[in-house]
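Report on one structure; see the data block that follows.
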Amino acid sequence: MKTVQSAFKFHGGVHPQYNKDLAASKPIEAMPLPKQLVVSMSQHLGAPAKCLVKKGDAVAKGQLIGERNGFISANVHAPVAGTVAAVEPRMGPTGGWVDAVILDVAEDQSGASAFMPPLDWKSASREDLLARVNDAGICGMGGAGFPTVVKLSPPPDKHCEYLILNGAECEPYLTSDYRTMLERADRIRAGVEIMRKILNGPAVRIAVEANKPDAIAALEKAFADIEGNVEIVVLPVLYPQGSEKHQIYATVKRIVPEGALPIAVGCVVENVGTVAAIADAVEKGIPLIERVTTVSGDGVVEPKNVRAPVGTRYADLVAFCGGEKEGVRKVISGGPMMGFNVPNLEIPTTKTTSGLLFFTSARVFQYSSNACINCGRCVRAAQKMDVMDCIECGACSFGCPAYRDITQNCRRAKASIRAAAAAAKAKAAAANAKK
C-alpha cells in the first residue's frame with residue numbers, strides 16, 4: 001500500500017468557505033435514545049420499501065420492517081426495540097411525503113435483537129456476501145443513497161477494475177466521514193476486503209482531500225499490511241471533489257460517458273461510511289440502522305458528530321447538541337452546497353443524512369436572483385454539457401455574480417425531462433395495448 005498525490009485535476013470547481021473546524025475536532029458521540037423514532041420507508045434513491053408492520057406490532061432491534069420493493073430499492077430495519085404507534089405519511093428532507101413507521105422506543109433495550117448471524121467473509125461465497133449486503137439494507141451514505149447491492153452486481157459484460165473509496169467529504173461544515181476515517185479506519189479496511197472479494201479483486205483507490213492529513217495517517221496505519229494494488233490518493237481541496245464522476249477522473253483519469261454509470265469505465269465508487277457499514281453487516285450481522293450525522297453551523301450551541309438511530313427527529317438531534325441559538329434563520333439537511341432547506345424539525349434522519357446545519361442571519365445571505373449581467377460564466381461552465389449530466393452540486397449558483405437560480409433550474413429541467421419521458425412511455429404502452 002502506498003500514498004500518492006493525485007496527478008489529475010478536473011476542469012472547474014470552486015472554493016467555498018469550508019468551516020469544518022466547528023465540528024472536526026469533536027469525536028463521534030452516541031446520543032441517548034429518543035422516546036420516538038420516525039422510520040421512513042424511503043431511505044434511499046429509488047422505490048420506497050414495502051412496509052411489513054402495522055400499528056400495535058412489537059418489533060425487535062434490527063427486525064425487517066420494510067422490504068426492498070424493486071431493483072433500485074433497499075430493506076429497512078427497526079433501529080431499536082419498540083412498538084409501532086402508527087404507519088402514516090410523513091415529510092422527508094426534500095419535501096416529499098412517504099409512508100413511515102412511527103416507533104415508540106421501548107425503555108428496556110436489553111432484549112434479544114433480530115441481527116443476522118455473523119459471516120466469515122474469508123470462507124463465505126461471493127453470493128453469500130452479496131446477499132448479506134442486500135439483506136442489511138446497505139445503501140450509499142454520502143449522497144442519494146443508491147442501493148449498494150446494485151453497485152456490487154455489475155452486468156456480466158462489465159468488470160470492476162477499480163474500487164474507489166470516497167473520503168473526500170468536500171461539502172462545507174460536514175465532518176462525519178472525516179471522523180469515521182479517524183475512528184473507524186479498521187472497519188473501513190474490513191469493508192474493503194469484503195468488497196474486493198465480491199468484485200473479484202479490483203485495485204483499490206482511497207480518495208481523501210489534502211485537508212485531512214490525520215485521516216490519511218489513520219488509513220495508512222489501518223491498511224499498512226494489506227496485499228494487492230491499494231493506494232491512498234491525496235486530492236487537492238476543490239469542490240465538488242466528492243462527486244463520483246469527478247473523483248473517478250481525479251484518481252484514475254477515466255471519463256464516465258454521458259448517461260452512463262461508473263461501471264461503464266470499470267469503476268465502483270463507495271462512501272467510506274458505507275464501506276464500514278458493510279463490514280458491520282457481514283462480520284457482526286448488524287443491518288444499517290444508525291449513522292453519524294454532523295450537527296453544525298453558527299446557530300447550534302455545541303456542534304457535534306452524532307451517532308444516532310435512523311429515524312431520529314431533527315429536533316432530538318439538535319437538542320442533544322445543546323439546542324438552537326437565538327436568531328436561527330435557516331436549517332439545512334445535508335451540506336450547504338447540495339442540501340435542502342427544511343421547514344421544520346419534525347423531519348426524521350435517514351440513512352443518507354450526513355449533516356444538519358443551523359445558520360443565523362450572520363451566515364445567511366439574502367439570496368435574490370438579479371437580472372443576468374451576461375457575463376457568460378455559467379455558459380462557459382455548461383458548454384457542451386447535457387442538463388441530465390448535472391450533479392446538482394451548486395457550484396454554478398455559487399459562482400454566479402447575478403445570483404441566478406441555476407442549480408434549481410437545472411433540477412427543474414431534469415424533472416420535466418423525466419416526466420415527459422415517462423408520459424411518452426405510458427402513451428406508447430397504451431397505444432400498443434389497443435393494437
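The values are calculated or read from the model by the stated rules, or taken from the named source; none is laboratory data. Just so we're clear, the structure is a prediction, and the values are computed from it rather than from any experiment. When we count neighbours, we look across all protein chains shown, and the Cβ atoms used for this are built from the backbone with ideal geometry, even at glycine. The accessibility values were calculated without ligands, DNA or RNA, using every heavy atom of the protein model including side chains. Shrake-Rupley method; radii C 1.70, N 1.55, O 1.52, S 1.80 Å.
Only Cα pairs under 8 Å and at least 6 apart count here; give the relative contact order of the chain as a rounded whole percent.
20 percent
In square angstrom, what is the accessible area per residue of the chain with a 1.4 angstrom probe?
Value returned for the chain: 45 Å² of accessible area per residue.
Leaving ligands and nucleic acids out of the surface, order LYS351, LYS122, LYS50 by accessible area at 1.4 Å, largest first.
From most accessible down to least: LYS122, LYS50, LYS351.
On the full set of protein chains, 1.4 Å probe, figure out the accessible area of LEU174 and give it in Å² to the nearest 10.
LEU174 exposes around 10 Å² with every protein chain in place.
What residues have an amide H closer than 5 Å to that of CYS51, excluding those fewer than 5 places away on the same chain, when H is modeled at 1.01 Å from N in the peptide plane?
Those lying under 5 Å, H to H, from CYS51 are GLU67.
Rank these by accessible area, largest first, 1.4 Å probe: LEU64, LEU152.
Sorted descending by solvent-accessible area, the residues read LEU64, LEU152.
Where does the charge balance sit around ARG68 when Lys and Arg score +1, Asp and Glu -1, over other residues with C-beta under 11 Å from its C-beta? Could you put the intermediate results ahead of the total?
Values: positive: LYS50; negative: GLU67, ASP135.
So the environment of ARG68 carries a net charge of -1.
Between region 333-350 and region 119-140, what is the separation of their alpha carbon centroids in Å?
31 Å
When the accessible area of the chain is computed with all protein chains present and a 1.4 Å probe, what percentage of it is carbon and sulfur?
54 percent
Please work out the C-alpha center-to-center distance from region 72-93 to region 389-430 and express it in whole Å.
Measuring centre to centre over Cα atoms gives 29 Å.
Net charge near LYS414, counting Lys/Arg +1 and Asp/Glu -1 over other residues with Cβ under 15 Å of its Cβ? Write out the running numbers ahead of the final one.
Working: positive: ARG411, ARG412, ARG418; negative: GLU258, ASP386, ASP389, GLU392, ASP405.
Net charge in that neighbourhood comes out at -2.
What order, most packed first, do the peptides 275-281, 90-96 have when packing is the mean number of other Cβ atoms within 10 Å of each residue?
Values: 275-281: 26.0, 90-96: 16.3.
Highest to lowest by the protection proxy: 275-281, 90-96.
Let me check something: with ligands and nucleic acids excluded, how do LYS61, LYS425 order by accessible area (1.4 Å probe), largest to smallest?
Largest accessible area first, the residues go LYS425, LYS61.
Once the dipole of the chain is set up with Lys and Arg at +1 and Asp and Glu at -1 on Cβ about the Cα centre, which of PRO117, ALA30, ALA315 lies farthest towards its positive end?
Positive-end residue among those listed: ALA315.
Quote the relative contact order of region 74-225 in percent (integer), defining contacts as alpha-carbon pairs under 8 Å separated by 6+ residues.
It comes to 20 percent, rounded to a whole number.
When all protein chains stay in place, what accessible area (Å², nearest 10, 1.4 Å probe) is found for LEU345?
Here the accessible area works out near 30 Å².
Hey, in the GNM for the chain with a 10 angstrom Cα cutoff, which one of VAL282, VAL328, VAL192 fluctuates hardest?
Looking only at VAL282, VAL328, VAL192, the largest GNM fluctuation is found for VAL328.
Calculate for the chain the 222 nm mean residue ellipticity that helices alone would give, adding -39,500 (n - 2.57) per DSSP H run of length 4 or more and normalising by residue count, nearest 500 deg cm²/dmol.
Values: 11 runs with 114 residues, N = 435.
When only DSSP H runs of four or more count, the value is -8000 deg cm²/dmol.
Please identify, among ASP386, ASP120, ASP186, the residue showing maximal mean-square fluctuation in a Gaussian network model of the chain using a 10 angstrom Cα cutoff.
Comparing ASP386, ASP120, ASP186 in the GNM, the peak value goes to ASP386.
So, taking all protein chains as they sit and a 1.4 Å probe, how much accessible area belongs to LYS158, in Å² rounded to tens?
Per-residue accessible area (LYS158): approximately 80 Å².
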